[in-house]
1. Tell me whether region 297-318 contains one or more residues that are in contact with a strand residue (DSSP E or B) (Cβ under 8 Å, 6 or more places away or on another chain), of a type in the set (A, V, I, L, M, F, W, C), outside any helix (DSSP H, G or I) and at negative phi.
2. If a residue has to be touching a residue at least 12 places away in the same chain (Cβ under 8 Å), open to solvent by less than 40 Å² (accessible area, probe 1.4 Å) and within 12 Å of Thr258 (Cα to Cα) to count, how many in region 186-223 make the cut?
3. Pairs please, first residue from region 253-277 and over 17 Å from Asp228 (Cβ atoms) and open to solvent by 40 Å² or more (accessible area, probe 1.4 Å), second anywhere and in a loop (DSSP other than H, G, I, E, B) and hydrophobic (A, V, I, L, M, F, W, C), Cβ atoms under 8 Å, 6+ apart in sequence or on different chains.
4. Residues being open to solvent by 10 Å² or more (accessible area, probe 1.4 Å), on the phi < 0 side of the Ramachandran plot and touching a helix residue (DSSP H, G or I) at 6+ places or on another chain (Cβ under 9 Å): count how many of those fall in region 322-335.
5. Would you mind stating whether Ile89 is farther than 18 Å from Ala27 by Cα, touching a His at 6+ places or on another chain (Cβ under 8 Å) and in contact (Cβ under 8 Å) with a residue 24 or more places away in the chain?
6. Out of the residues in region 138-160 meeting the condition of being assigned to a helix (DSSP H, G or I) and touching a residue at least 24 places away in the same chain (Cβ under 8 Å), tell me which one is nearest to Glu211 (Cα to Cα).
7. Pairs, please: C-beta under 9 Å, at least 6 apart or cross-chain, first residue in contact (Cβ under 8 Å) with a residue 60 or more places away in the chain and among the hydroxyl-bearing types (Ser, Thr, Tyr) and in region 225-248, second in a loop (DSSP other than H, G, I, E, B) and open to solvent by 10 Å² or more (accessible area, probe 1.4 Å)?
8. If you go through region 120-163, how many residues are more than 30 Å from Leu73 (Cβ to Cβ) and either hydrophobic (A, V, I, L, M, F, W, C) or under 23 Å from the mean Cα position of the chain (by Cα) (or both)?
Amino acid sequence: MSNASLWCIPAGTAEHYRSSKDMMAVAVSQRIAAHPRLSEFLGGNPLRLLDTNHRNHAAFMVEVFIANDPCLLEEALPWVYSAYHNQGIAFDYFAAELEAWIAVIGQMLPPEDAAAILPVYRWMLDAHPRSIERARQYQARRLPVSEVWRHDYDFILEHLFQGDYPVVIRHCRGLMQCGMSYAQVLRELFYPAMVEVGARWESGEFSVEMEHQTTAMVYCILSALYYDQPFPAMSRGRALIAPVANEFHELGAWMLTTTLELDGWEVTLMGCDTTPESLAARALAERPRFIALSVTLVSNVQEARHAVSALRAALGAETPPILVGGQAFLLAPALAETVGADLFLESVEALVDWARTLETAE
């Protein structure tokens, strides 16, 4: 199989894989835990890091099979190899992991399903040397910054990484006094800055702790700037924003919430890892004009499907428009059509523009 190969996993096979994925991930973890080279694979990391990878791998593969997208798989491999290797995981671990998946799939799935799926895993195993080479050359995604704001971006990034967030707040306030809007601060400065933080984690420059610490500082900075802003007297109506279950990246949803509020919306932002049940209950209680779901990881797209289904079951004919967005759908746009939402929008600005087309609440 190559990137250009035409391959199609039957829907029933994808569903059997999905329904068995948790048990299979546990079985793979057990095999890896018993591997004679485990200590070498871990490189000083805790075993739970590999357990998490096995669960994420299974959830990601479900989406690959649903989308029938070999490009999504081939592009993900060097990123996974690079990110984990830069945290100390040995490249040889991935070959052992794939061998474990091949054994477990052959044992735990019906023969016809295993026959459909195993060629994909054997292709990944055959591609292992190439994935290592691509991982060594992998360049983490970074966003371009306008030359107009380059000096300010570099200044903010430097002081953010030094932990000097009061200086960043003062600098941003100065920019806003000179006419820069809050939405511009988010779009031109902090969105690319947070992508840079992720890139430095992927490259091994930042630990997970440093990534989390920087994110916490960004919340402090943006909150201070947010409360400096004048709030509109008008109300466009209520909106409900939520990261889906198992999604712990919520800064994008928070940025959307603050932008909508400054545009006249009354927004309820639910926290990370919002279950379908709690989301549906909140929607029933508040009856928002629209609901927006945030998904950062492709492996969490299935959670978006659960959320949409729960909302439609609870609200019936009175279900408001359901929108989805986030990095997962930017990486795999075809998956947006499988979620059952009404609309996929690529950015905060696109969603705010769409929301303005709704009639103003009386």
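1. No: zero hits.
2. Selection size over region 186-223: 2.
3. These pairs meet every condition: Cys272/Phe248; Asp273/Ala245; Asp273/Phe248; Thr275/Ala245.
4. 4
5. The answer is no for Ile89.
6. Of everything passing the filter in region 138-160, Leu160 is nearest to Glu211 (Cα to Cα).
7. Going by the 9 Å Cβ cut-off, the qualifying pairs are Ser235/Thr360; Ser235/Ala361.
8. The total comes to 8.
The values are calculated or read from the model by the stated rules, or taken from the named source; none is laboratory data. Computed from a prediction, not measured in an experiment: that's the story for all the values here. All Cβ positions, glycine included, derive from the backbone under ideal geometry; neighbour counts span all protein chains shown. Note: accessible area is taken over every heavy atom of the protein model, side chains too, but ligands, DNA and RNA are not part of it. Shrake-Rupley method; radii C 1.70, N 1.55, O 1.52, S 1.80 Å.
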